[in-house]
Structures are given as C-alpha cells and as structure tokens.
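Worksheet: one structure, shown below.
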Amino acid sequence: MTGTATLEKQIADIVRDVLQIEVASPDDDLVATGLFDSLAVVSLIAEIEVVLGYELPLDEFDVDSFRTVGRIAAFVDASRSAQGVG
C-alpha cells in the first residue's frame, strides 16, 4: 500500500469512526452528497490532528480540500511535506 493509499485509509477510518460515515471511494464528494457539514469538517480536522499527531495549517484551509477523502489525504500529505513533517 502506498503512502497516499495508507493516508486515505487512515482518513476513511477516521470519517467512519468519528462521523459514522462509510466512504465507498476516496473520490466520493462528501460535501455535495450532504454527508459533510461545517461541524463535521471541524470534528474531522480535530481528529486528524490527534490521530496523526500533526497540526493542520488552517490558514491554507479551503473547503474544496475537504470534499473527498482523496483530497483530504492530498492536503494533509502536502502540508506535512511543506512543513518537513513525515
């Protein structure tokens, strides 16, 4: 499993465990389907930070980065890489 696939699985697990939302595909648009609202996004960000031990740079936050598990994983990966966190 690649690093991105592992991160996508971790995030899908967080979405399932914290928000009780099953994600069939990392490309499912959770905002358009109404599964994510602003409270869900805030809860997800907080739990990602706890599980991954990394504070996300919210000054760079864009809701489009949190539409799908794949986009969330890409955002987290890019922000960790930019900060030199591995």
Requested in this report: Specify the angular offset, from 0 to 90 degrees and rounded to the nearest 10, of the alpha carbon long axis of helix 38-52 from the longest principal axis of the alpha carbons in the chain.
Outcome: 40 degrees
Query raised in the report: If you roll a 1.4 Å probe over the chain with all protein chains in place, what percent of the accessible area is carbon or sulfur?
Result: 51 percent
Query - With all protein chains modelled, accessible area of Ser79 [1.4 Å, Å²] - result: 10 Å²
Requested in this report: Kindly identify the range 1-53 as rounded, prolate or oblate by the Cα gyration tensor criterion: order the square roots of the eigenvalues as a ≥ b ≥ c, call it rounded if a/c is under 1.5, otherwise compare a/b with b/c, prolate if a/b is larger, else oblate.
Outcome: oblate
Report summary line: The answer for the chain, accessible area per residue at 1.4 Å probe in Å², is 57 Å²
**Report entry** Area of Phe61 that stays accessible when all protein chains are in place (1.4 Å probe, Å², to 10)
**Finding:** 80 Å²
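The values are calculated or read from the model by the stated rules, or taken from the named source; none is laboratory data. Because the structure is predicted, anything quoted here is derived from the model rather than measured. Please note that ligands, DNA and RNA were not included when accessible areas were found on the heavy atoms of the full protein model with its side chains. Shrake-Rupley method; radii C 1.70, N 1.55, O 1.52, S 1.80 Å.
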